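Following: one structure in structure tokens, then a few remarks.
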């Protein structure tokens, strides 16, 4: 039981928001959105710049990343995970993710149901 508590404390520390992580997201310009904002994305927007670019709330981004990480870790067989990006700028990211996690990557478009 003591090891379980220690493990939970370690996991909590690793998953806690760290200043360094936020700084990395800022350096990589993760917070910069587009000039278009769908009504479903409004809750994740921090504000809109004068030039019309929406600024994404990095705190909420961090929360969603943590949720996704917890779900992915809970899946026993990593080959059951599929990551996809039809956009050119997302393809490198999904290929790296698949390489490190053992997930299946689909880069480019595909026909649903195949």
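The values are calculated or read from the model by the stated rules, or taken from the named source; none is laboratory data. From a predicted model like this one, the values you see are computed outputs, not experimental measurements. FYI the Cβ positions are ideal-geometry reconstructions off the backbone, even for glycines, and counts take in every protein chain you see.
Number of residues in region 88-114 that are assigned to a loop (DSSP other than H, G, I, E, B) and surrounded by 10 or more Cβ atoms within 10 Å (Cβ to Cβ) equals 4. Figure legend. Inter-residue proximity from region 49-71: first residues over 15 Å from residue 33 (Cβ atoms), second residues at pLDDT 90 or above, beta-carbon distance below 7 Å, spacing 6+ or different chains. No pairs are indicated. Within region 82-114, being on the phi > 0 side of the Ramachandran plot and modelled with pLDDT of 90 or more holds for one residue alone: 102. Scanning region 48-58 turns up one or more residues that are at positive phi and out of contact with any helix residue (DSSP H, G or I) (no Cβ under 7 Å at 6 or more places or on another chain).
Residues of region 13-35 that are part of a loop (DSSP other than H, G, I, E, B) and out of contact with any strand residue (DSSP E or B) (no Cβ under 8 Å at 6 or more places or on another chain): 16, 17, 18, 28, 29.
The residues listed here are 27, 5; of these, the one that is modelled with pLDDT under 80 and loosely packed, with under 12 Cβ neighbours inside 10 Å is 5. When residue 79 is tested against the conditions (1) at pLDDT 90 or above; (2) in contact with a strand residue (DSSP E or B) (Cβ under 8 Å, 6 or more places away or on another chain); (3) in a loop (DSSP other than H, G, I, E, B), the lone failure is (3).
What do you reckon, is residue 70 part of a helix (DSSP H, G or I) and more than 14 Å from the chain's Cα centre (by Cα)?
No: the conditions fail for residue 70.
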